[in-house]
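So the structure is just underneath, and the comments pick up after that.
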There are 4 protein chains.
Amino acid sequence: MLKIDLNCDLGESFGNYKIGLDEEVIKYVSSANIACGFHASDPLVMQKTVLLAKNNGVAVGAHPGFPDLVGFGRRNINVSPAELKAMVIYQLGALDAFCRANKIRMQHVKPHGAMYNMAAKDEKLALAIAEGIGEFDSSLILLGLSGSQMLAAAQKTGLSFKKEVFADREYEEDGSLVARTKPGAMIESEEEAIERIIGMIRHGKVKAVTGKEISVEPDSVCVHGDNPKALNFVTSIVRRLSEEGIKIEAMGR
Amino acid sequence: MLKIDLNCDLGESFGNYKIGLDEEVIKYVSSANIACGFHASDPLVMQKTVLLAKNNGVAVGAHPGFPDLVGFGRRNINVSPAELKAMVIYQLGALDAFCRANKIRMQHVKPHGAMYNMAAKDEKLALAIAEGIGEFDSSLILLGLSGSQMLAAAQKTGLSFKKEVFADREYEEDGSLVARTKPGAMIESEEEAIERIIGMIRHGKVKAVTGKEISVEPDSVCVHGDNPKALNFVTSIVRRLSEEGIKIEAMGR
Amino acid sequence: MLKIDLNCDLGESFGNYKIGLDEEVIKYVSSANIACGFHASDPLVMQKTVLLAKNNGVAVGAHPGFPDLVGFGRRNINVSPAELKAMVIYQLGALDAFCRANKIRMQHVKPHGAMYNMAAKDEKLALAIAEGIGEFDSSLILLGLSGSQMLAAAQKTGLSFKKEVFADREYEEDGSLVARTKPGAMIESEEEAIERIIGMIRHGKVKAVTGKEISVEPDSVCVHGDNPKALNFVTSIVRRLSEEGIKIEAMGR
Amino acid sequence: MLKIDLNCDLGESFGNYKIGLDEEVIKYVSSANIACGFHASDPLVMQKTVLLAKNNGVAVGAHPGFPDLVGFGRRNINVSPAELKAMVIYQLGALDAFCRANKIRMQHVKPHGAMYNMAAKDEKLALAIAEGIGEFDSSLILLGLSGSQMLAAAQKTGLSFKKEVFADREYEEDGSLVARTKPGAMIESEEEAIERIIGMIRHGKVKAVTGKEISVEPDSVCVHGDNPKALNFVTSIVRRLSEEGIKIEAMGR
């Protein structure tokens, strides 16, 4: 039976500030990327989000980011590899503490925003992340972009790597994402996005922005739960996967 | 053979800001209370300090504080018990991550500054701290003031508790510290301070500020390494303990 | 002709986090208390909010708070008067910079949350705030609670003081607010709240929680724009003030 | 009579963390670049530093930086021009508030660290800074590197610009600094550094790292007061300037 993981960023509220329809979207996904207090979240939000994931049988992953709350971790910061490694270890430990307090195991790590994007292209930063994860707990899965430097770093350090795909993004021929700054980077049609996902899972193929068919091996699909439209898309994809007989299962199972 | 633990706050530097003679004082103490990034420290400093403790055979403890870097965690903040519990769990996990990365075990937890002082008197806050520690790792030792609410909370939650004494502070008859705001709260003479420590360890007695002799059962003596004078005091006490045949040993051994 | 000011907290969004229906509520109020980056807001939000106030002809006031973003400035912090004075001056300057850049004048200062509550009762903290305002710009109005230490501090330092009333809060006989922790502290009925406001403006009287009628001299009514219900209340009170022939005008005019 | 300004970064302490020999170096310089709370400093430190400058007759400038305390503002952050402009306005206002409270006028603005370096090369960022300064107070002087984008931005926005030179850095033939990462970027000999400064002031000439003589028009020399060696260099240069009959005077006089 075909199966796929659905991963979603969760727990990005902060103090008095609420973001995301966490209680809704949690019902549909299999893996939660939980913010760790640097780009978003705070200790109370982390506690609540880990418990929410546990209560919904959703696997927990750490979603470490840059220490840039006002920029939501989306601004590149030229950190050194040593700084990056330490900030990853710190955040893994912080989130893991709530896993321990709630008697569950952490499944994976997915870097956030600018950290994800920088590490996808920068060998040294990717290695710093992989080393940080490996030294903390070498049984954790690194979730990232296929073909990225993060995959190479995981292989180099002996870390498990799972590949995620994006339903709403166009791909270049080399498997990288079309930059958001380019026209046509986003897939606007929900229907088309779902068809692409089904094709990727079922046939390991997707059409690049150039029209050429390229190969992908998706372990997980990244979805969002920020707003009602995103939530609606998640329910549509879940329905369609069910119709296709594709099982939704956490990547670590 | 009589023995005692010497504990010292370490790893309170932050980014470009250096505090403390960590490399010096680490040679003399047996337990390090390492800041966790809320009132002081950052991920790189935590990594370096845990490694420093490991290399010197010094036991590592977490030193969680309030999220108040500009106030160095010394200003009371009226946090709720739920907030406090979550911020303790977060900080324990963060420091423990560096212990795991460096393949050592965390020994104890000593709250910092205002958190220590508030929890010494407030039953609910003390319980929040003890519960946070217990849910994270019930084998950790809580290090605090004898007779405080923290001791009561440790007993209530089944946590090990070790009592610390202060060489440079006067005591009230009930075993609490004379408030710093009162005249005569501090013992200025280094010699007298050391005599008091020896008396506490050897006979379980110390003279309160009123002149009355009271009982104490010290597991650990709190020392400082902020400045050359403090460091000099530490070397003096270590020398005197050696002369007395009192062994310095980490509280968890 | 009778007149009254309506003041509302605005500009409390932060980075990626949005709070408040600022664009809506700004149409109905005469004075905006704009957050200054300590308990909420960031430089971009401040710029946008000052411009929004200017474009709607609403007078701008600074809304300084404690440096406690995760607590939204609602947690008491035991700052020293010197610290408080400096943090008030800092925040006034920061907001004033956007007033200067947008070529408008700042009208008033209203401390936020825990700073407001602590200064209402603590003579030294109230004085620190008043001195900070006076040294920055002695023509600014301090907006606060009638009968509070802030009023006394304004009088002592020669600062203009305007009194605000709360439509949705019960009063004690001495004119202070019934603590939120007590039952019956809030007025739930929108109609009753509006009647009380009209009575306060027209007759300078309101019924305390004990039933006794007390005197009030409202210069401004504090309203909220956080949610649709609050916004609806603002439109109701504005309509009723209009029916009563009471003019809504910024306190500094 | 020849004259020159000496500028120095000051007020970079933070809370419990002390940096810099401010009380010493202030006696020798004519312009102080005072940190504004983003990369360093806090409201109390700003108040003390502005007062220190006033008491020593030293002109005050704002030293705005990126919101990156742990990185001391030295890490590039890819902020947008709108973000940068707003964060400059915010920091100018904050520092100016302490100038107003202390009844002195702000003289200049010198961006800090990564902000300085990025704006030296990036036209849009330089323009954002110049616009922010101009909208806040168009009489302020922008202090920066000769030949940089900041100079171009100042000219474009009608802002006064003063050029600073560095005694301890080698220059490329185009007048830019030799990158610190290159060998030989720093001038190690104190004597040589001072001779170069005298030559720049007296003849408008300095030898580039290639050996070719290039033209410079220094308005100000950047010196440091972080450590005893730096302080010693400042006293040496002051003595030599005096011997040469070159007057030390704030750039805005």
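The values are calculated or read from the model by the stated rules, or taken from the named source; none is laboratory data. Since the structure is predicted, the reported quantities are computational estimates derived from the model, not experimental observations. For neighbour counting, all protein chains shown are included, and Cβ atoms are generated from backbone atoms with ideal geometry for every residue, glycine included. SASA here: full protein model, heavy atoms, side chains in, ligands and nucleic acids out. Shrake-Rupley method; radii C 1.70, N 1.55, O 1.52, S 1.80 Å.
For region D:60-78, the tally of residues that are surrounded by 24 or more Cβ atoms within 10 Å (Cβ to Cβ) and among the β-branched types (V, I, T) stands at 1. Please indicate, with yes or no, whether at least one residue in region A:23-35 is crowded, with 24+ Cβ neighbours inside 10 Å and either among the basic types (K, R) or over 15 Å from the mean Cα position of the chain (by Cα) (or both). No, that holds for no residue. Yes or no: C:G144 at pLDDT 95 or above and at positive phi? Considered against the rule, which asks whether it is at pLDDT 95 or above and at positive phi, C:G144 comes out as no. Among the residues of region C:164-179, the ones that are under 17 Å from the mean Cα position of the chain (by Cα) and among the β-branched types (V, I, T) come to 1 in all. Among the conditions (1) free of Cβ contacts under 8 Å to residues at least 24 places away in the same chain; (2) open to solvent by less than 10 Å² (accessible area, probe 1.4 Å), B:R100 misses just one, which is (2). The residue of region D:27-39 that is nearest to D:L69 (Cα to Cα), among those that are touching a Cys at 6+ places or on another chain (Cβ under 8 Å) and of a type in the set (A, V, I, L, M), is D:A32. The numbered conditions (1) closer than 26 Å to B:G71 by Cα; (2) touching a residue at least 12 places away in the same chain (Cβ under 8 Å) are all true for C:V58 except (1). Could we say that C:G252 is over 30 Å from C:Y17 (Cβ atoms) and either acidic (D, E) or in contact (Cβ under 8 Å) with a residue 40 or more places away in the chain (or both) here? Yes: the conditions hold for C:G252.
Would region D:182-189 turn up any residue that is outside any strand (DSSP E or B), open to solvent by less than 90 Å² (accessible area, probe 1.4 Å) and under 21 Å from D:S30 (Cβ atoms)? Explain how you work it out, then say what you get.
Taking region D:182-189 and keeping what is outside any strand (DSSP E or B), we get D:182-185, D:187-189.
Retained after the next criterion (residues that are open to solvent by less than 90 Å² (accessible area, probe 1.4 Å)): D:184-185, D:187, D:189.
Next, from what is left, pick out any that are under 21 Å from D:S30 (Cβ atoms): none.
No, region D:182-189 contains no residue that is outside any strand (DSSP E or B), open to solvent by less than 90 Å² (accessible area, probe 1.4 Å) and under 21 Å from D:S30 (Cβ atoms).
When D:S236, D:S242 are checked against the criterion of being among the polar types (S, T, N, Q), at pLDDT 95 or above, loosely packed, with under 12 Cβ neighbours inside 10 Å and outside any loop (DSSP other than H, G, I, E, B), a single residue qualifies: D:S242. Summed over region D:138-150, the residues that are open to solvent by 30 Å² or more (accessible area, probe 1.4 Å) and either touching a helix residue (DSSP H, G or I) at 6+ places or on another chain (Cβ under 6 Å) or within 14 Å of another protein chain (Cβ to nearest Cβ) (or both) give a count of 3.
One line per residue, one yes/no per condition, for (1) closer than 21 Å to C:G15 by Cβ; (2) surrounded by 24 or more Cβ atoms within 10 Å (Cβ to Cβ):
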{"residue": "D:S80", "(1), (2)": "yes, no"}
{"residue": "D:E83", "(1), (2)": "yes, no"}
{"residue": "D:Q91", "(1), (2)": "yes, yes"}
{"residue": "D:A94", "(1), (2)": "yes, yes"}
{"residue": "D:Q107", "(1), (2)": "no, yes"}
{"residue": "D:A120", "(1), (2)": "no, no"}
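Just to be sure, is B:E164 within 30 Å of A:C99 (Cα to Cα) and modelled with pLDDT of 95 or more? Lay out the reasoning, then the answer.
On the way: within 30 Å of A:C99 (Cα to Cα): no; modelled with pLDDT of 95 or more: yes.
No; evaluated as a whole, the condition is false for this residue.
Filtering region D:89-117 to residues that are more than 7 Å from every other protein chain (Cβ to nearest Cβ) and under 15 Å from the mean Cα position of the chain (by Cα) leaves D:M106, D:Q107, D:H108, D:V109, D:K110, D:P111, D:H112, D:G113, D:A114, D:M115, D:Y116, D:N117.
So that you can scan it fast, the table gives a plain yes or no per residue for (1) on the phi < 0 side of the Ramachandran plot; (2) of a type in the set (D, E, K, R); (3) open to solvent by less than 50 Å² (accessible area, probe 1.4 Å):
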site: C:F136; (1), (2), (3): yes, no, yes
site: C:T157; (1), (2), (3): yes, no, no
site: C:E173; (1), (2), (3): yes, yes, no
site: C:I197; (1), (2), (3): yes, no, yes
site: C:V223; (1), (2), (3): yes, no, yes
site: C:R253; (1), (2), (3): yes, yes, no
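Can you confirm whether region A:5-12 contains a residue that is open to solvent by 10 Å² or more (accessible area, probe 1.4 Å), under 18 Å from A:L143 (Cβ atoms) and either of a type outside the set (S, T, N, Q) or more than 17 Å from the chain's Cα centre (by Cα) (or both)?
To start, the set of residues in region A:5-12 that are open to solvent by 10 Å² or more (accessible area, probe 1.4 Å) comprises A:9, A:12.
Within this subset, residues satisfying the condition of being under 18 Å from A:L143 (Cβ atoms) are A:9, A:12.
Within this subset, residues satisfying the condition of being either of a type outside the set (S, T, N, Q) or more than 17 Å from the chain's Cα centre (by Cα) (or both) are A:9, A:12.
Yes; the residues of region A:5-12 include at least one that is open to solvent by 10 Å² or more (accessible area, probe 1.4 Å), under 18 Å from A:L143 (Cβ atoms) and either of a type outside the set (S, T, N, Q) or more than 17 Å from the chain's Cα centre (by Cα) (or both).
Close Cβ contacts (under 6 Å, 6 or more residues apart or on different chains) running from residues in region C:29-54 that are more than 9 Å from every other protein chain (Cβ to nearest Cβ) to residues that are modelled with pLDDT of 95 or more and open to solvent by 30 Å² or more (accessible area, probe 1.4 Å) comprise C:S30/C:I248; C:S30/C:E249; C:N33/C:D9; C:F38/C:P67; C:K54/C:I104.
For residues that are basic (K, R) and open to solvent by 30 Å² or more (accessible area, probe 1.4 Å), tally how many sit in region A:159-171. Count: 2. Look at region C:61-82: where a residue is within 9 Å of chain A (Cβ to nearest Cβ) and a partner is of a type in the set (V, I, T) and surrounded by fewer than 24 Cβ atoms within 10 Å (Cβ to Cβ), sitting 6+ places away or on another chain with Cβ atoms under 7 Å, you get C:D68/C:I77.
The sole residue among C:S189, C:S220, C:S176 that is closer than 28 Å to C:Q107 by Cα and at pLDDT below 95 is C:S176.
Residue-level check: of (1) within 13 Å of chain A (Cβ to nearest Cβ); (2) crowded, with 24+ Cβ neighbours inside 10 Å; (3) of a type in the set (G, A, S), B:G15 misses just (2). Looking across region D:118-137, the residues that are within 10 Å of chain C (Cβ to nearest Cβ) and among the charged types (D, E, K, R) come down to D:E131, D:E135, D:D137.
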